[in-house]
Structures are given as structure tokens and as C-alpha cells.
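A.B. asks: One structure, pasted below without further comment.
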Amino acid sequence: MLKIQGILVPVSTPFDHRGDVYKAKLKSNVERLNAISLAGYVAGGSLLTAEEKVLVWELVAASAKPGKLLGAAASAPSVRETVALANRAAELGYHFAFVGAAAEFGGETRTLYYRSVADASRIPVVVDGDLAPEHPNILKVALTQESARLFGAFKDGATAALVPVANAIPYSVQLVWEAYRQREDEAGADWQERIRPLVALVEAHGTPALKCAMDLNSYYGGVPRLPLTPVAEWVKPAIAAALHDLKS
């Protein structure tokens with residue numbers, strides 16, 4: 001049974017001046033992240049086409065250090081396309097598919113979506129943000145996406161976390177996990193407070209703020225894909241201040 005523990009980075013996809021996936025920068029970002037003892041990566045953003053998701057999965061898999069967990073964000077509106085994406089990820093060596101049902105799917109339809117994907121997926125399925133239905137191919141992972149209270153979530157029983165700001169400050173985020181593992185409550189609370197300002201800015205201003213933070217901290221964020229636009233100029237000084245004294 002696959003075991004998922006620690007910090008997972010939802011890899012931010014960089015784009016070049018034409019709006020295409022910036023292969024060299026994605027490779028460079030992942031290779032830098034490899035130096036940190038993160039658990040692994042979840043690749044494939046919501047603004048990517050199916051073909052681009054596969055390209056990103058190929059690049060991340062080729063650049064990831066051996067031993068890193070690889071998750072493929074494989075959600076699509078239909079079961080058919082989601083299964084096709086999950087199985088393509090399996091062919092590329094991914095360990096699990098990270099799947100979220102469309103917002104309009106509720107109740108029994110949502111459960112049917114997850115179970116149907118799990119029935120046909122050749123890799124285990126991790127459900128995004130929902131109570132996972134019982135199924136032998138759906139992993140029950142205590143996964144938190146509460147970056148603002150990461151240390152508290154670990155104390156409350158979470159065993160893994162998907163943390164967007166880890167794209168910009170991976171070491172600082174990893175230190176929260178390490179403090180939890182070593183039962184160093186004071187250190188964990190301290191690092192949680194240090195990353196909190198950046199987490200708040202990214203939660204308030206979204207992907208554009210994350211990409212700005214990456215650019216300011218020696219990773220490549222670049223411009224977001226339309227309909228998103230670069231973060232407002234007045235926000236940039238606050239992002240720079242939030243990065244001050246954080247370990248990248």
C-alpha cells in the first residue's frame with residue numbers, strides 16, 4: 001500500500017513569452033526543489049490542456065530525484081477523460097492520481113465519479129478535498145491543504161500536506177514538518193508564524209502572488225496564464241517583506 005507522508009509541492013507551471021509551458025524553467029525549478037527533503041510533487045495545473053498536463057508530467061518525472069512521490073493532478077469533467085489522464089500518468093511512473101470532482105457534481109453523482117475513476121485507474125486515487133468513498137483503489141490519506149495552520153493540522157492528525165508556497169520557500173515549509181516529526185512544538189509554531197504572512201498573501205491574491213514570490217526568491221514563477229494577470233504592483237513590496245529571513 002502506497003504511503004503518503006510529509007510535504008507535497010503542487011508544482012507551479014511556468015510559461016514562456018508565447019504562453020507555452022517553459023520546459024527549461026520547469027526542469028530548473030524541480031531540480032532545485034530536489035535539494036530539499038520534501039516528500040514529492042503533484043503536477044498538472046487547472047489551466048493546462050490535457051496535452052500540456054502530460055507534457056508537464058513528463059518533465060517533472062524526468063527532473064524529480066529518485067524516491068520522490070509523484071502525484072498527477074488528473075481531474076477532468078468526465079470519468080472517461082480523467083481515467084485516460086490517470087493511466088497516462090501511470091505509464092510515466094506516477095504513484096497516484098490526485099482527483100477532484102466538478103463543482104456541479106453533488107451527492108451520489110460525486111461518489112459515482114470517484115468510484116468510476118478508481119475502478120479504471122491503474123494507479124491509486126487520492127481525492128481532492130472531499131470525503132473519499134470506500135474503494136480499494138482510493139487512498140485514505142490524512143491530507144491537509146490548510147497552509148495557514150500547517151503545524152496545527154499535523155498535530156491534529158494530518159500525515160501529509162499540499163502546500164503551494166513550498167514552490168517559493170520549500171525549506172521553510174519543510175522545517176514545519178521536521179519540527180512536527182521531532183516533536184519540537186516551539187520550533188514548529190515559530191516556523192508556522194514565519195511563513196504565515198506569505199501564505200496569507202498567496203491565499204488573498206492567488207497564483208499571481210505565488211509566481212511573484214518565486215521570482216523574488218530565485219525560482220522561476222513568470223507570468224500567470226490568462227485569465228489570470230500579474231500581481232498588482234502595490235502587492236509586491238508586501239511579498240518581498242514576507243520573504244525576508246525565510247529559508248528557500
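A.B. asks: From Asp128, Asp156, Asp185, which residue is farther than 24 Å from Pro230 by Cβ, within 16 Å of the chain's Cα centre (by Cα) and without any contact (Cβ under 8 Å) to a residue 60 or more places away in the chain?
C.D. replies: Details: Asp156 fails: within 16 Å of the chain's Cα centre (by Cα); Asp185 fails: within 16 Å of the chain's Cα centre (by Cα).
Answer to the selection: Asp128.
A.B. asks: Output the helices (runs of 4 or more DSSP H) that fall wholly within the stretch 73-185 and possess 1 or more residues being more than 27 Å from Thr13 (Cβ to Cβ) and in contact with a strand residue (DSSP E or B) (Cβ under 9 Å, 6 or more places away or on another chain), or say none.
C.D. replies: On the way: elements: 79-91, 107-120, 150-155, 170-181.
Filter on the stretch 73-185 gives 107-120, 150-155, 170-181.
A.B. asks: Considering only residues that are under 16 Å from Tyr114 (Cβ atoms) and surrounded by fewer than 17 Cβ atoms within 10 Å (Cβ to Cβ), which ones fall in the stretch 62-78?
C.D. replies: Once the filter is applied, which keeps residues that are under 16 Å from Tyr114 (Cβ atoms) and surrounded by fewer than 17 Cβ atoms within 10 Å (Cβ to Cβ), the stretch 62-78 yields Pro77, Ser78.
A.B. asks: Output yes when any residue across the stretch 209-224 is of a type in the set (Gly, Ala, Ser), over 30 Å from Ala24 (Cβ atoms) and in a helix (DSSP H, G or I), and no when none is. First the steps, then the outcome.
C.D. replies: In the first step, residues of the stretch 209-224 are kept if they are of a type in the set (Gly, Ala, Ser); the result is 209, 213, 218, 221-222.
From the residues that got through so far, the ones that are over 30 Å from Ala24 (Cβ atoms) too are none.
No, the conditions are met nowhere in the stretch 209-224.
A.B. asks: Can you tell me which of (1) surrounded by fewer than 21 Cβ atoms within 10 Å (Cβ to Cβ); (2) under 13 Å from Gly6 (Cα atoms) is the one Pro170 doesn't meet?
C.D. replies: (1)
Bear in mind that the values in this text are calculations on the coordinates, not laboratory data. No experiment lies behind these values; they were computed from the predicted model shown. Quick reminder, even Gly has a Cβ in these numbers, built from the backbone with ideal geometry, and neighbours come from all protein chains shown.
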